[in-house]
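Please read the structure below before turning to the comments.
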Amino acid sequence: MSTTSHEATGSDTPTVKMITGTIDGTDVTVPEGTMIIRAAELMGVEVPRFCDHPLLDPVAACRACLVEVEGMPKPQPSCAVPLGDGMTVQTQLTSEVADTAQKGVMEFLLINHPLDCPVCDKGGECPLQNQAMSVGRPESRFTGQKREFPKPINVSSEILLDRERCVSCARCTRFAEQIAGDPFIALLERGAQQQVGTGEEPFDSYFSGNTIQICPVGALTSEEYRFRSRPFDLVSVPTTCEHCASGCSMRTDYRHENVMRRQSGDDPEVNEEWNCDKGRFAFPYLQLERLATPLVRENGQLRRASWPEALRIAADGLAAARGRTSVLTGGRLTMEDAYAYARFARVGLGTDDIDLRARAASDEETDFLSGEVAGSCGPVYRELESAPAVLLAALEPEEESPIIYLRLRKAARAGTKVFSLGPFASQGLEKMAGSLVECVPGDLATQLDQLDDETAAALSQPGAVILLGERAATEPGAFAAMSRLVQRTGAEWAWVPRRAGERGAIDAGCLPGLLPGGRPLTDETARQEIASLWGIDPDELPATAGRSLAATVAQIHADAKAASEAGEEEEFSPELAALLVAGVEPDDIPNADQFLTALDSVPFLVSLETRPSEVTARADVVLPVAVVTEKSGAFVTWEGRRRPFGTVMPQPTSFTDAVVLALLSDYMDLATPPREVDDLRTELGNLGAWQGSRVSPADVPAGSAQQPGSGEAVLASWRYLLDLGTMQEGEPHLAGTRKPAVVRISAATAAANGVEAGSRVRVSTDTGAITLPVELTEMAENVVWLPLNSPDSQVLVSLGALPGDTVRLERGDV
Amino acid sequence: MAELPPALSGFWVTFSTMFKKVNTEQYPEEKDKYPPEPRFHGRHQLNRHPDGLEKCIGCELCAWACPADAILVQGADNSTDQRFSPGERYGRVYQINYLRCIFCGLCIEACPTRALTMTHDYELADNSREKLIYEKEDLLGPLTQNMVSAPHEMVPGTTEKDYYEGKITEATPEQRAEVAARTDEESEAVR
Amino acid sequence: MSGTKLTPVITEYWDDAKPWSIDSYRSHGGYSTLKQSLETDPDDVIATIKDSGLRGRGGAGFPTGMKWSFVPQNDGKPHYLVVNADESEPGACKDIPIMLANPHALIEGVIMTCHAIRAHHAFIYIRGEVPHPIRRVHQAVAEARAAGFIGKNILGTGIDLDVVVHGGAGAYICGEETALLDSLEGLRGQPRLKPPFPAVAGLYASPTVVNNVETITSVPYIIRNGVEWYRGFGTEKSPGFKVWAVSGHVRRPGIYEAPLGITMRELLDYAGGIREGHELKFWLPGGSSVPMLTADHLDTPLTYEDMVEAGSMLGTGTPMVFDETTSVVKAITRWLEFYKHESCGKCTPCREGTYWITGTLEKFQGGFGQEKEVDELVELCNQIMGRSFCALGDAAATPYPGALKYFRSEFTDALTQPPDDLFSPSATMVIPSPAGVAG
């Protein structure tokens, strides 16, 4: 990762040989290897197609795209024949042969198709319908009995398959095999009875929803969208996915102020044409119970209040605690909203206590994010694809950033070597044909330092990339160790957060000691730049770096202790008198109990939220804010790429966080900061990236794994993509495709602890215990892995432990 | 002939009219005397199959065809315990806004199942806008003797196709029993 | 042998006591020149086969030597020979008898071919429904291995070869070479997209030669006796001998080995003519996938090119003969039912076309077709012909237009009258059916 932009992304692409052929009498020059159908597209000639998909290997099965090629006795499938130099091709526009061939295939395709378009979800946007209109016969000659199948069957709890409608194009099965690497669906039987089907397992792939989108007929539909709407009802808006830092381009379709479905957008630089099922199906939360009006606490109870009343109370409370307020933004904000918080904290609240990380974090990470990540841009997806080798550290792309996984899988199929530092070779790693470098949690820094020569040599090749996951925050010394590895190998690197808003919030300055654009709070020039931008005196900016979330919680507890010791009659002034909390998920924070008791005991708590939560329940003032569909803004991907999106459904009564903060400023008699997204974006854009010196990360010594005693093991854990996240609520069919929660231990560890294959394992700490079925896995000894936030396995809440901690391990009660 | 005084000439018109054919239609007292023409486009009706299941499949083609955007339909899945129409899908929400409807009949032509037809009912006046948005229960055709109201199961052993081929003629005792049991339950619940 | 055109080579000793045993084969000169041929340069072997003009006997008639020469040399990849013994074509019965009676000639051919194409691994993919030949070829491979013809360092020449006999699972499509390779790899048997052709990327993405049993069986005889000898048989463009399997309404159906260029009239004579009291109606030169011919074509030489000129194809060279008791409608319907059942489903024209055509033909068979459908079927066949993924679609589209050309009236008759009424099913049976069972 570097702070300068890439100038060489285009120039190092290998020179492509161009060839010229003739299509319908017109010369067309295309790169060698371009299929006829693509070349024809470039000229604006649309050849019908079903099985063809630009991102899938050609199969030439549907025969709808037959064209006449000079010198070939038979019509040729244009999806599978590359245009040759000097080749003469005639499509249906100029060739009788091609035209009759295409019409013949279309007629055949329709004989066994049920024509139940009125009830079919694809009706109205169906390639078969459209192409039947353009190249089909007006009337059917077929009078026989159509092949029938029982109507839809579930290939997974979310995906429905109507086999009667299937035209056997094999797009879905090829997608599952070639792109997702989850070949749980395949074509079965033969002849007209050929059908898509599953084996013993359902089609529980994280990317299963894409098959619905690429199905050229209505054979694959989702439980979620089934019969809910028709394409002509829908208003489509291009959006960006809010679920992770992959930054997928998406299309949100709504009707009557309800989101009906979301589909993958087409962005070759980011998600190509794919997205994950979480991004596709996890949107009903937007329509679950929302906060309709502001709430204020009166006599210990929250009651509804008007905006002026609530703003007055909030403004007064915050003004009284000026300089003694902490701001917790959470990782879900848009870049613009995050910037509004960063500014409001420093200008409005006179504090530098601001932290976007509602998760396990460390001071080492703070330094790293401020010094290296903020405002920088690193390797992009395309560079992952062309990298000779990629090292994953504390990152499980399939679970934590699925589009990175898809890109890496594509790259691996073309020869990229993937290495992963982790306790075991996950399914995702196996699907990327990756190699595991065994690493026990806590040991990451040491492993990075002691990387074997073969891996290090692979990473020393030009273009190699190291991807460091957000979980590195719990690995002592990992950031410094990575810097050393980067120096040793010359590899590019990037830091991959999990939440969509984290990277943008870092750029916007939502970290203690970090001003917007990567500017250090302690740097005079930086202070002056920011102060003049914000129209204040540099001295009004906080002088020293503020508190992180952990420090904030600790301070509130310390205050509470001091207050109880001070006794009733003494006037006690706490160090921290107020908290301003945005979308924070307490269950993501280590020691959630302590966090919640801190919320209980802080004198004044203002919460800006979309839905009732554990935070709003404890707040003194709750101010409702807009959800992602009601506002515009931008998320920033792990690459540092801005992904702006527009408002899907404007709601005059719902305000963005930035607007609410601006209103608070008004009520606090401060200068009104910019509140519109465009203004915020322009202001942040004009500021630019910091060119001066940065915080140099402290050289933290490399940590090493704990040594568990008898009956103990080191805890390893990460989240499944589909888990108990609150943004997946309201969609039971999606939840049905979750991976089951299991405990993974090695056979030797199992034997040592009296655990047999098929039995259950109890993992416990002083806080609590989790009991799950065991899955014996080839992995490091004395390490136990379980999903971080799955049903029956909420590690942070139940165990109160973090990966790298030691937990007790025993055979669970059967 | 001498001119009549103007007043009398006026009365002459009145008097002569008394012997002409009366054109006034006595609406509403005598409206049955003047039925609409056979192809008159009146209020819509959502038809039922002969056993009472709804013909509407919620396909929204009527709404798509409507040039006045007067129709709103939302489909839903027939579940195993609640079946409104044969086949997979039924119209969960069906509204026609008669403040918008221009009675062109394109919706009728679009309907793939003959669920939507038009009646001769032209008395579509009311005193609020809300009342002129007709809901599905306002539009559904009357239940005849042979029908029982949906939801209920299809005639045992038949398929969707049999319904469209007209093989179902009336509600079976099973269907009647099912609906009766349901109605009992409901009245029980009300009590 | 004088006075007869029959030239038994492959079939010469089939009346021995146990012609399939290695001893029998060796007593007639088998394996005698194997060492010598393994010591010749592989390219010379390919040249010999090229010069001999041997053409593939599986149906397409592609020159064998040329096929072998497509295999890239010194590419560092393993090479494979796959023998296509998935003989499932209706009417074709020549590979199975060869494997039953003369498996060692096949194995010697495999060894020589592998040497020529530098393969160390050969697979014999035998149709799954025929366990006898599978067992016999297994046995023959074991015998050859015991005799040192297969294994490490064959006959001290330093050549290694392993031969695997693989039984199919019952799919006609697996006779298509790329589908066969998929099946052999453990996948579902469906044809692969070409290019790449098997000679470049076949089995396990390595250069592979796929040859028919009869083709490979001919190889040792050519190597042993020379190009001149081989070219002494047959015609200029279709040299060599061929195993003709004559079946149908003839007195003595069976295997007749004769040079290419023999006429059907001569073959019919050897087969004893049409059965007593009947006359020829139509015949097919090679399986159901080639257009039918009539008595007018009896004097056309059976060569690859003459058959094409006559409007048919030599195909597998297994003539099927039908007399006047046969209903063309029923025959065609049977074949189409077969193709519908065997269509793999991959491509639209074949999958849907066979479904549609069969449905219409079944109506004809029931005597209730519609007049427009007689010509509509030709259109449908044209919609399949040349547009399907592999040759199965073409094969399925072949019988009907050919039949309509000569027997249109039978199809128009079937519009009103079931063919069973016009052609007694029992009269057409070669073997009388049990009472009450209609053909």
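What follows draws every value from the coordinates through simple rules; no lab data is involved. It should be emphasised that the depicted structure is a prediction, and the values quoted were computed from it without experimental measurement. Using ideal geometry, Cβ is built from the backbone for each residue, glycine included, and neighbour counts are taken over all protein chains shown.
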In the stretch C:210-221, is there at least one residue being among the charged types (D, E, K, R) and within 14 Å of chain A (Cβ to nearest Cβ)?
no
Determine whether the stretch B:126-146 contains at least one residue that is in contact with a helix residue (DSSP H, G or I) (Cβ under 9 Å, 6 or more places away or on another chain) and among the hydrophobic types (A, V, I, L, M, F, W, C).
no
So for the stretch A:320-337 (the condition being part of a helix (DSSP H, G or I), farther than 21 Å from residue A:526 by Cα and either in contact with a Cys (Cβ under 7 Å, 6 or more places away or on another chain) or hydrophobic (A, V, I, L, M, F, W, C) (or both)), does at least one residue qualify?
yes
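Condition check ((1) free of Cβ contacts under 8 Å to residues at least 12 places away in the same chain; (2) over 30 Å from residue C:345 (Cα atoms); (3) in a helix (DSSP H, G or I)) across all residues:
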position	(1), (2), (3)
C:111	no, yes, yes
C:133	no, no, yes
C:179	no, no, yes
C:183	no, no, yes
C:186	yes, no, no
Please count how many residues of the stretch A:293-311 are crowded, with 17+ Cβ neighbours inside 10 Å and part of a helix (DSSP H, G or I).
2
Can you run down the residue pairs with Cβ atoms below 8 Å, 6 or more apart or on separate chains, where the first is in the stretch B:24-43 and within 15 Å of residue B:122 (Cα to Cα) and in contact (Cβ under 8 Å) with a residue 12 or more places away in the chain and the partner is β-branched (Val, Ile, Thr) and surrounded by 10 or more Cβ atoms within 10 Å (Cβ to Cβ)?
B:42/B:119; B:43/B:119
Qualifying residues in the stretch A:97-146 (those that are within 12 Å of another protein chain (Cβ to nearest Cβ), of a type in the set (Asp, Glu) and assigned to a loop (DSSP other than H, G, I, E, B)) - the one nearest to residue B:86 (Cα to Cα):
A:116
Being surrounded by 18 or more Cβ atoms within 10 Å (Cβ to Cβ) and charged (D, E, K, R) is the filter here; which residues of the stretch C:210-242 pass it?
C:214, C:224, C:242
Single match in A:426, A:420, A:370, A:386 (criterion: buried (at least 21 other Cβ atoms within 10 Å of the Cβ), over 18 Å from the mean Cα position of the chain (by Cα) and farther than 17 Å from residue A:497 by Cα)
A:426
Which pairs have Cβ atoms under 9 Å, sit 6 or more apart or on different chains, and link a residue in the stretch A:503-515 that is buried (at least 24 other Cβ atoms within 10 Å of the Cβ) to one that is small (Gly, Ala, Ser) and in a strand (DSSP E or B)?
A:504/A:633; A:504/A:634
Quick check: anything in the stretch C:318-336 hydroxyl-bearing (Ser, Thr, Tyr), more than 9 Å from chain A (Cβ to nearest Cβ), in a helix (DSSP H, G or I) and more than 30 Å from residue C:236 (Cβ to Cβ)?
yes
Given the condition within 11 Å of chain A (Cβ to nearest Cβ) and either more than 25 Å from the chain's Cα centre (by Cα) or not in a helix (DSSP H, G or I) (or both), answer yes or no: does some residue in the stretch C:390-400 qualify?
yes
Could you list, in sequence order, the residues of the stretch A:136-162 that are touching a Pro at 6+ places or on another chain (Cβ under 9 Å) and under 19 Å from residue A:209 (Cβ atoms)?
A:154, A:155, A:156, A:157, A:159, A:160, A:161, A:162
For the stretch C:246-283, name all the residues that are over 23 Å from residue C:329 (Cα atoms) and over 20 Å from the mean Cα position of the chain (by Cα).
C:251, C:252, C:265, C:266, C:269, C:270, C:272, C:273, C:276
Screening C:305, C:324, C:276 for residues that are in contact (Cβ under 8 Å) with a residue 60 or more places away in the chain and either closer than 30 Å to residue C:33 by Cβ or surrounded by fewer than 21 Cβ atoms within 10 Å (Cβ to Cβ) (or both) leaves only C:305
Which listed residue is of a type in the set (Asp, Glu) and crowded, with 21+ Cβ neighbours inside 10 Å, from A:177, A:158, A:148, A:201:
A:158
I'm checking my understanding of the structure. Among residues of the stretch A:117-145 that are over 27 Å from residue C:370 (Cβ atoms) and charged (D, E, K, R), which one is surrounded by the most Cβ atoms within 10 Å (Cβ to Cβ)?
A:121
The stretch C:343-373, residues that are facing chain A (nearest Cβ under 7 Å) and in a loop (DSSP other than H, G, I, E, B):
C:343, C:344, C:345, C:346, C:347
From the list A:633, A:692, exactly one residue is surrounded by fewer than 23 Cβ atoms within 10 Å (Cβ to Cβ), under 27 Å from residue A:374 (Cα atoms) and either in contact with a helix residue (DSSP H, G or I) (Cβ under 7 Å, 6 or more places away or on another chain) or in contact (Cβ under 8 Å) with a residue 60 or more places away in the chain (or both). Which is it?
A:692
Checking C:7, C:40, C:48, C:11 in turn, the sole residue that is farther than 30 Å from residue C:181 by Cα and surrounded by 14 or more Cβ atoms within 10 Å (Cβ to Cβ) turns out to be C:7
Here is a list of conditions, (1) crowded, with 24+ Cβ neighbours inside 10 Å; (2) part of a helix (DSSP H, G or I); (3) away from chain A (no Cβ under 13 Å); (4) within 19 Å of the chain's Cα centre (by Cα), and residue C:339 meets all of them except one; can you say which number that is?
(3)
Looking at C:135, C:192 in this structure, which one is surrounded by fewer than 24 Cβ atoms within 10 Å (Cβ to Cβ) and more than 14 Å from every other protein chain (Cβ to nearest Cβ)?
C:135
Filter result (surrounded by fewer than 23 Cβ atoms within 10 Å (Cβ to Cβ), charged (D, E, K, R) and out of contact with any helix residue (DSSP H, G or I) (no Cβ under 8 Å at 6 or more places or on another chain)) within the stretch A:636-647:
A:641
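Here is a yes/no grid of residues against (1) over 15 Å from the mean Cα position of the chain (by Cα); (2) surrounded by fewer than 24 Cβ atoms within 10 Å (Cβ to Cβ); (3) hydrophobic (A, V, I, L, M, F, W, C):
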site	(1), (2), (3)
B:56	no, no, yes
B:64	yes, yes, yes
B:85	yes, no, no
B:89	yes, yes, no
Tell me which residues, restricted to the stretch A:83-104, are in contact with a strand residue (DSSP E or B) (Cβ under 7 Å, 6 or more places away or on another chain) and surrounded by 19 or more Cβ atoms within 10 Å (Cβ to Cβ).
A:83, A:87, A:89, A:90, A:91, A:95, A:98, A:101, A:102
What's the number of the only condition in (1) surrounded by fewer than 23 Cβ atoms within 10 Å (Cβ to Cβ); (2) outside any loop (DSSP other than H, G, I, E, B) that residue B:38 fails to meet?
(2)
If you take just the strands (runs of 3 or more DSSP E) that sit entirely in the stretch A:178-279, which of them hold at least 3 residues that are within 25 Å of residue B:74 (Cα to Cα)?
A:220-222, A:235-240, A:249-255, A:258-264
